[in-house]
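Participant: Take this structure first; my questions come after.
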């Protein structure tokens, strides 16, 4: 684990120095992600928002507060998850990430996945779904599960969407519950 922790710190430094796209010029802080190196559940969002850009931590604004509530309802402890996003820098005016920004930042995300080695990855919103699964219509694949390289990928709505459309909360909560159930199933299977 020490080697992985060292590599994760090195990756963070690499991201802090990154100038592959123009977002480094306008960001305040890199939002690399947070959580334990041995997290079994990883949550991937779209990009840092204004609040995240100020403090350098993922999901700390209104969407983050809702995510915390939904995690609690699903029986998942936030501090046991690794939480990150496709982009590590705030897109100005909270705009949608551009394809070239996603392309430039994606290797950092893939390296995070490789180092964390989660059992379950919850993809929060279209941008995360498209970046990881290559699918563009979340509505068409939400509720489906994808097994890739011994990991379960659970596509669901971004908490920010549930702030606008309250009825999505139950769907996100259900998907988080599925993620937890799969993780527990893996854990119980290994201990038997």
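Participant: State yes or no: is residue 186 surrounded by 20 or more Cβ atoms within 10 Å (Cβ to Cβ) and either out of contact with any helix residue (DSSP H, G or I) (no Cβ under 6 Å at 6 or more places or on another chain) or farther than 28 Å from residue 23 by Cβ (or both)?
Facilitator: no
Participant: Do we have any residue at all in the stretch 101-112 that's outside any helix (DSSP H, G or I), surrounded by fewer than 21 Cβ atoms within 10 Å (Cβ to Cβ) and within 14 Å of the chain's Cα centre (by Cα)?
Facilitator: no
Participant: Six or more apart or on different chains, Cβ atoms under 6 Å: show the pairs whose first residue is in the stretch 96-119 and within 18 Å of residue 153 (Cβ to Cβ) and whose second is surrounded by fewer than 17 Cβ atoms within 10 Å (Cβ to Cβ).
Facilitator: Qualifying pairs under 6 Å: 115/4; 115/7; 119/186.
Participant: Report, by residue number, each residue of the stretch 122-143 that is assigned to a helix (DSSP H, G or I), over 17 Å from residue 172 (Cβ atoms) and touching a helix residue (DSSP H, G or I) at 6+ places or on another chain (Cβ under 7 Å).
Facilitator: Passing the criteria: only 131.
Participant: Residue 26 versus (1) modelled with pLDDT of 95 or more; (2) in contact with a helix residue (DSSP H, G or I) (Cβ under 7 Å, 6 or more places away or on another chain); (3) farther than 26 Å from residue 168 by Cβ: which is the lone unmet condition?
Facilitator: Going through the list (1) modelled with pLDDT of 95 or more; (2) in contact with a helix residue (DSSP H, G or I) (Cβ under 7 Å, 6 or more places away or on another chain); (3) farther than 26 Å from residue 168 by Cβ, residue 26 breaks only (1).
Participant: Further, regarding this structure: Identify the residue in the stretch 5-46 that is free of Cβ contacts under 8 Å to residues at least 24 places away in the same chain and assigned to a loop (DSSP other than H, G, I, E, B) and, among all such residues, is surrounded by the fewest Cβ atoms within 10 Å (Cβ to Cβ).
Facilitator: My answer is 19.
Participant: A further question follows. Mind checking which residues of the stretch 73-94 are over 15 Å from the mean Cα position of the chain (by Cα), part of a helix (DSSP H, G or I) and over 13 Å from residue 159 (Cβ atoms)?
Facilitator: 92, 93, 94
Participant: Here is a list: 163, 87. Which entry is buried (at least 22 other Cβ atoms within 10 Å of the Cβ), at negative phi, out of contact with any strand residue (DSSP E or B) (no Cβ under 7 Å at 6 or more places or on another chain) and in contact (Cβ under 8 Å) with a residue 40 or more places away in the chain?
Facilitator: Result: 87 is the single residue among 163, 87 that is buried (at least 22 other Cβ atoms within 10 Å of the Cβ), at negative phi, out of contact with any strand residue (DSSP E or B) (no Cβ under 7 Å at 6 or more places or on another chain) and in contact (Cβ under 8 Å) with a residue 40 or more places away in the chain.
The values are calculated or read from the model by the stated rules, or taken from the named source; none is laboratory data. Source: prediction; values computed, not measured. Neighbour counts are summed over all protein chains in view; Cβ atoms, including those assigned to glycine, are modelled from backbone coordinates with ideal geometry.
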